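Worksheet for the structure shown next.
Only the coordinates and a few stated rules stand behind these numbers; no lab work does. Just so it is clear, the model here is predicted, and its values are computed rather than measured. Quick reminder, even Gly has a Cβ in these numbers, built from the backbone with ideal geometry, and neighbours come from all protein chains shown.
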Amino acid sequence: MILIRVSASNTAALGLHVEGRVLAVPGVVPNAPPGVVERAPNLGWHGVRPADHWPDRDTAPEPENEANLGALAEYWSAEQAAETFVHVSAESGIGAALVIDGRLFRGARGFAGELGHIPVHPDGPDCPCGSRGCLEQYAGDAAVLREAGLADHRTGDPVALLAERAAAGHAPTLHALDRAGRALGLALASAVELVDPDALVLGGAYAELADWLLPSVRAELAARVTVRPWDPQALRPSALGRRGPLLGAALTTVRRIMADPMLLPAG
Ligand SMILES: [Zn+2]
């Protein structure tokens, strides 16, 4: 499959027909009512229905949590995908998704996977979610940049900047990534105890920072997982990186049509 960046204005010129639109959102998309983003704090969205802001209701995009799309892309495109795994990524906040026996686990209401708000330090800093000491306060993009002394660099490509500084041996950045990795390992150890997954996949920005995150995440897992001997290789970065949610959105439409080709217009 080839991903081509297209815009509404050039699809016709390319001879392409848009058959579906999926909007990857860094927020909670409940099972019901359909088409509503309940909250996306980093976008300032609460109870937003994207279709209400789309010029044509018939072609409005269907919102889906970007972490779910990243996990589905991993499952659908990896050469040897695990059947049960936890996929955790960081773009705007931290998103996680569970694939259990080859199916995305959404939870009773669609809220599963809010790993970013699992407390990793009970007396840690306040979190905008109302709790405190959440994983996001240690391993979220804003927290890592702040700890690395790069809080003024949130525009541009902060992930590339972190990777560049870490590769150059910038001590505050290395410290920030080690701290993030330890917090991430702590939260993922709980996920392992609860779910018993075949694999843990670091996606999105975490995949691009894996060289500096993996050692501390692995150390925490080795120290804390008790349910069975922990295989360090069960933790791995995604090959898709930040393209995961985009690929997942595209594959959602492709797979829907492959399952029911009658969805395609005649002609
Ligand atoms: Zn929180």
- Query: Can you work out the FRET efficiency for the pair A151 and H53, with r the C-beta to C-beta distance and R0 = 25 Å, to the nearest 0.05?
  - Reply: 0.20
- Considering only P158, P55, P63, give the residue with the highest GNM mean-square fluctuation for the chain, with springs between Cα atoms whenever their separation is below 10 Å. P55
- What FRET efficiency, computed as 1/(1 + (r/R0)^6) with R0 = 25 Å and r the Cβ-Cβ distance, is obtained for L14 and E62, rounded to the nearest 0.05? 0.65
- Message: Multiplying the sequence separation of A223 and D196 by 0.36 nm and subtracting their Cα-Cα distance, what value in nm do you get?
- Response: 8.1 nm
- Counting DSSP beta bridges with both ends in the chain, the antiparallel % (nearest 5): 55 percent
- Task: Can you tell me how much longer the chain between E38 and A168 gets when fully stretched, taken as 0.36 nm per residue apart minus their C-alpha distance, in nm with one decimal?
- Result: 42.7 nm
- Item | Net charge of neighbours whose Cβ lies under 12 Å from the Cβ of V86, counting Lys and Arg as +1 and Asp and Glu as -1 | -3
- For helix 66-77, report the angle its Cα long axis makes with the longest principal axis of the Cα atoms of the chain; keep it between 0 and 90° and round to the nearest 10°. 80 degrees
- Task: With a point put 7 Å past each Cα toward its Cβ, work out how far H46 is from E83 in nm, to one decimal.
- Result: 4.3 nm
- Note on the structure: If one compares the long axis through the Cα atoms of helix 171-195 with the longest principal axis of the Cα atoms of the chain, the angle in degrees, nearest 10, works out at 70 degrees
- Least to most buried among H153, H170, H53, by other C-beta atoms within 10 Å and fewest first, runs H53, H153, H170
- Message: Quick check: the angle from helix 158-167's long axis to the longest principal axis of the chain, C-alpha only, nearest 10 degrees?
- Response: 40 degrees
- Message: Let me check against my output: what whole-number percent is the relative contact order of the stretch 82-242, with C-alpha pairs under 8 Å and at least 6 apart?
- Response: 24 percent
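Using a Förster radius of 25 Å, what is the FRET efficiency between H175 and F111 based on their Cβ-Cβ separation? Nearest 0.05, please.
On the way: r = 33 Å, r/R0 = 1.32.
Efficiency for this residue pair is about 0.15.
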